[in-house]
């Protein structure tokens, strides 16, 4: 009974997250639209570097043997990292050519789903840039680092998409609706942040746009939900 109740609660939360996912998508669209008033020829170099790194990875992903072991390593290390961040104990990590496993003292949805929304290699790339900038003047290499960010995020995006097309125990554990909603939402918000970093829209515009989109969808859904509740109460 407890397991069934947990599944129902996750399903309900997943359904409630769907409007938030739509709002996040609307926010991303508005951010991208805000950059369309600028001619592609005068887009910030940062945007070209980020997009160039991403496209380079996609080309390599489609034409060369895929580094599956590198993805498996990142996948299991992300499980372990989020276990540590949430206070769980990591007791063992194993990685082979095409599969891996990690043993933790307890689990939650962040630990389970983190590899699908947390681009580990991208975060390590950004961390390396800021750590090195403390000791050296590397401002002249900023475009190189942004290209590396795009490259590593492309790695995350392509392998996540490929992995989700297969049956995953991580997804089954928390249910498809809840898992896909969380993964989609966090990834879209991540892309929103990249747009803010490399173009004219600001973080404040992103947050305000997200709030306005959520409010608009809530207002749109209020009527049908009220009618449904009235029908159930009859």
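The values are calculated or read from the model by the stated rules, or taken from the named source; none is laboratory data. Only a predicted model underlies this, so the values are computations on that prediction, with no experimental measurement involved. Please note: Cβ atoms are built from the backbone with ideal geometry, for glycine as well, and neighbour counts cover all protein chains shown.
What to note about this one:
- When 209, 175 are checked against the criterion of being at pLDDT 85 or above, over 30 Å from residue 48 (Cα atoms), surrounded by 17 or more Cβ atoms within 10 Å (Cβ to Cβ) and over 15 Å from the mean Cα position of the chain (by Cα), 175 stands alone in meeting it.
- Pair list, Cβ < 9 Å and 6+ apart or interchain, from segment 165-177 residues that are touching a residue at least 24 places away in the same chain (Cβ under 8 Å) to residues that are in a loop (DSSP other than H, G, I, E, B): 173/107
- All of (1) outside any helix (DSSP H, G or I); (2) free of Cβ contacts under 8 Å to residues at least 24 places away in the same chain; (3) over 20 Å from residue 157 (Cβ atoms) hold for residue 102 with one exception: (2).
Table: residues versus (1) within 25 Å of residue 80 (Cα to Cα); (2) surrounded by fewer than 21 Cβ atoms within 10 Å (Cβ to Cβ); (3) at pLDDT 85 or above.
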site	(1), (2), (3)
98	yes, yes, no
109	yes, yes, yes
116	yes, no, yes
127	yes, yes, yes
131	yes, yes, yes
138	no, yes, no
144	no, yes, yes
153	yes, no, yes
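- Any hit, segment 9-29, residues being more than 23 Å from the chain's Cα centre (by Cα) and surrounded by 14 or more Cβ atoms within 10 Å (Cβ to Cβ): no
- Residue under evaluation residue 222, criteria (1) at pLDDT 85 or above; (2) closer than 16 Å to residue 16 by Cα, criterion not met: (1)
- Residue match in segment 113-132 (condition: more than 23 Å from the chain's Cα centre (by Cα), assigned to a helix (DSSP H, G or I) and over 19 Å from residue 189 (Cα atoms)): yes
- Qualifying positions in segment 70-92 - over 21 Å from the mean Cα position of the chain (by Cα) and either over 13 Å from residue 102 (Cβ atoms) or in a helix (DSSP H, G or I) (or both): 87
- Residues satisfying the criterion are absent from segment 52-75 (criterion: exposed (fewer than 14 other Cβ atoms within 10 Å of the Cβ) and farther than 29 Å from residue 145 by Cα).
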